[in-house]
Amino acid sequence: MVATKEQGHDVVVAVSAMGDTTDELIDLANKVSPDATAHAREFDMLLTSGERQSMALLAMAINDVANERGLAYEARSFTGSQAGLITDAQHGRAKILSITPERIQAALAEGAIAIVAGFQGVSKETKDITTLGRGGTDTTAVALAVALDADVCEIYTDVDGVFTADPRIVPTARKLSVVAFEEMLELAASGAKVLHLRSVEFARRHSLPIHVRSSFSTLNGTVVKGSIDTVSPHGDLQPGEEAGMEAPIVAAIAYDSSQAKITVVNAPDQVGAAAKVFEIIAGVGINVDMVVQDSSAARAGRTDITFTLPRNDVERAKKALDLARAELGFEDVDAKEMVGKVSLIGAGLRTQPKKIADFFSAIAQAGVNIQMISTSEVRVSVVVDDDEVQRAWEAAAARFSDVAVEKVSYGLDTNGDTPEIVGVAHDRGEAKITIAGVSDEPGKAARIFDTIADSGINIDMIVQNVSAKETGRTDISFTLPRADVKKARAALADIQAEVDFSDPVTDEQVGKLSIVGAGMRTHPGITAKFFAALAAAGVLIRMVSTSEIRVSVLVSADDLDRAVRATHRAFGLDSDEEAIVYGGTGR
Ligand SMILES: Nc1ncnc2c1ncn2[C@@H]1O[C@H](COP(=O)(O)OP(=O)(O)O)[C@@H](O)[C@H]1O
Ligand SMILES: N[C@@H](CC(=O)OP(=O)(O)O)C(=O)O
């Protein structure tokens, strides 16, 4: 900081709490009150004190250095509220509405270093102190950088940058020098906690580069910048003025009617089954797009694996799979040549699930049945019958009026230079809920996810796999933060009779593993390679979901670390040197 200031730059610093301070404050609150978080206003007031300690102490330390060296500047600390960070009134997960950083600008104009307490703001409506949610200091830093029109936002952490995997799990992970915004979004959303998801989203909206680097060394870290997405508009995505700086944005509704879908019906649910299916497909040079698989306890050791692919490749894929029927032990290959995909493209979709629910409900109201779902931070896609694509798209476009509408076609972009994947991320904080026996009619998924969204729960993976068997029933599975399981079950119980499904089954012993990279759009066989690595490590895949540039699988919690290492190795990401983790837990 001092060095940067001495180079003639204006410097604003956002600080987090020291060490385990935030966790200690939470423990303290729990000792005083049995249900501390119920006192939402006071809980937030308490938690913001950790950052206030850091900012004041840091300002003193810098001022001492300046005095000692006879330098002509000072450091001044500001709370989030003093820095003009205006939020909505949702305690514990407040969203930034606007920033009016006049006091910071005045301090800079007087030559001071401004130090701002991270992770906090003040509610526009109630004037109460709010917090942005755990890890929110990254978001404070990026938001301030945007508001102050800074050249770059540097995020200091306890590793040298963003690595190809968490260096705590994979010591031979490699540091990436540059990562595109969409790739970083997928990594952060998949558990790479080195950057807070919301901070990446914020930076992407405003095209502000982030430099992730170590607090303990002066090495260059990782720069997050640039877009790989040719479909989604990027740059200055602007939400409506009232909605605030983090409001979800729907930038486009896209559709593609050149797809086909194949379901491998009743495959044995055992290690290596999915790997074999995709090895066969990759072997005939076909690139798959969406993949879903969900093994539910109700299916007694059997699972369906469904994927979409270019229509021209269907016959070839079906033939190749049929030849391997005996080896693979599945019952049937069901090919549907005429399906299409409708996608909602935008920003902040996952952290504000209401938009996803709206999308499903618009399609349901048009009487169109959803056959497959895939979700990511920047895109939600559904597969529907080809002759209903147009209708589904029109309904969605009407619901999200004022948005750009695009027609995109499926295909490979041919830039072969991109690496297959940039990294592997993992997450141990999720649980899986399966709702079996949902009748396969328009509107059911919409009702379920609308209810979950109303409880303020962010859903992660969603898999709905319409079985080729004519049962008229489907299973819907999704993953969510483990802490929200109780709330979700209560919400589901309320609509169980109305929507009509069997008792939801919860599994908390799960871990999620994802591979991320723009390269998977150009390299066929990535899914096969991923699944083969898991099979070789003896890891059973329990659920699969994909986005354009990510493949995620759910595995047993006990298998997670092993699975991460095996995958990292299989994609040739291991480095000869061990990464340095500088200690400290940084909470
Ligand atoms: N792909 C990754 N690259 C770098 N670090 C990662 C990655 N995935 C997970 N991490 C973890 O993120 C940690 C840094 O995040 P965090 O502790 O939240 O930082 P801070 O407390 O400094 O904000 C690292 O110590 C590392 O274990
Ligand atoms: N202190 C807050 C905010 C924060 O950003 O923390 P960290 O930088 O340690 O992730 C928390 O623990 O959530």
Within the stretch 353-400, of all residues that are farther than 21 Å from residue 453 by Cα and of a type in the set (Asp, Glu), the one surrounded by the fewest Cβ atoms within 10 Å (Cβ to Cβ) is 387
For residues in the stretch 564-587 being among the aliphatic types (A, V, I, L, M) and more than 15 Å from ligand 1 (Cβ to nearest atom), which is surrounded by the fewest Cβ atoms within 10 Å (Cβ to Cβ)?
570
Check whether at least one residue in the stretch 318-333 is closer than 24 Å to residue 521 by Cβ, crowded, with 22+ Cβ neighbours inside 10 Å and touching a strand residue (DSSP E or B) at 6+ places or on another chain (Cβ under 7 Å), and report yes or no.
no
When you check residue 201 against the structure, is it modelled with pLDDT under 95, charged (D, E, K, R) and more than 16 Å from ligand 2 (Cβ to nearest atom), yes or no?
no
Exactly one of 159, 170 is within 15 Å of residue 210 (Cβ to Cβ) and either surrounded by fewer than 22 Cβ atoms within 10 Å (Cβ to Cβ) or within 16 Å of ligand 1 (Cβ to nearest atom) (or both), and that one is 159
Among the residues of the stretch 9-23, is any at pLDDT below 95, surrounded by fewer than 16 Cβ atoms within 10 Å (Cβ to Cβ) and more than 30 Å from the chain's Cα centre (by Cα)?
yes
Evaluation of residue 17 against (1) farther than 22 Å from residue 132 by Cα; (2) within 14 Å of ligand 2 (Cβ to nearest atom); (3) hydrophobic (A, V, I, L, M, F, W, C) (one fails), failing number
(1)
Would you mention how many residues in the stretch 94-117 are out of contact with any helix residue (DSSP H, G or I) (no Cβ under 9 Å at 6 or more places or on another chain) and touching a residue at least 60 places away in the same chain (Cβ under 8 Å)?
2
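Conditions tested, residue by residue: (1) within 16 Å of ligand 1 (Cβ to nearest atom); (2) more than 15 Å from residue 246 (Cβ to Cβ).
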site: 118; (1), (2): yes, yes
site: 123; (1), (2): no, no
site: 135; (1), (2): yes, no
site: 154; (1), (2): yes, yes
Given (1) outside the structural domain of residue 280 (by TED's automatic domain parsing); (2) of a type in the set (Phe, Trp, Tyr); (3) closer than 20 Å to residue 422 by Cβ, number of the condition residue 582 does not satisfy:
(3)
Checked 185, 195, 219 against criteria (more than 9 Å from ligand 1 (Cβ to nearest atom), crowded, with 18+ Cβ neighbours inside 10 Å and not in a strand (DSSP E or B)); the one match is 185
Single residue of 274, 297, 267, 243 found to be within 22 Å of residue 563 (Cβ to Cβ) and at pLDDT below 85
297
Matching residues in the stretch 164-186 - criterion: being small (Gly, Ala, Ser) and closer than 15 Å to residue 571 by Cβ
165, 173
Is there a residue in the stretch 502-517 that is crowded, with 23+ Cβ neighbours inside 10 Å and among the basic types (Lys, Arg)?
yes
Does residue 338 count as of a type outside the set (Val, Ile, Thr), surrounded by fewer than 19 Cβ atoms within 10 Å (Cβ to Cβ) and modelled with pLDDT under 90?
yes
For the stretch 173-182, which positions are over 20 Å from residue 428 (Cα atoms) and either within 16 Å of ligand 2 (Cβ to nearest atom) or surrounded by 23 or more Cβ atoms within 10 Å (Cβ to Cβ) (or both)?
179, 181, 182
Every residue from the stretch 109-137 that is away from ligand 2 (no atom under 16 Å from the Cβ) and of a type in the set (Val, Ile, Thr)
113, 122, 126
Among the residues of the stretch 138-151, is there at least one that is assigned to a helix (DSSP H, G or I), more than 9 Å from ligand 2 (Cβ to nearest atom), within 18 Å of the chain's Cα centre (by Cα) and aliphatic (A, V, I, L, M)?
yes
Please pick out the residue among 224, 162 that is within 16 Å of ligand 2 (Cβ to nearest atom) and closer than 19 Å to residue 549 by Cβ.
162
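The values are calculated or read from the model by the stated rules, or taken from the named source; none is laboratory data. Keep in mind it's a predicted model, so treat the numbers as computed, not measured. With ideal geometry, Cβ positions are generated from the backbone for all residues, glycine too; neighbour counts draw on all protein chains shown.
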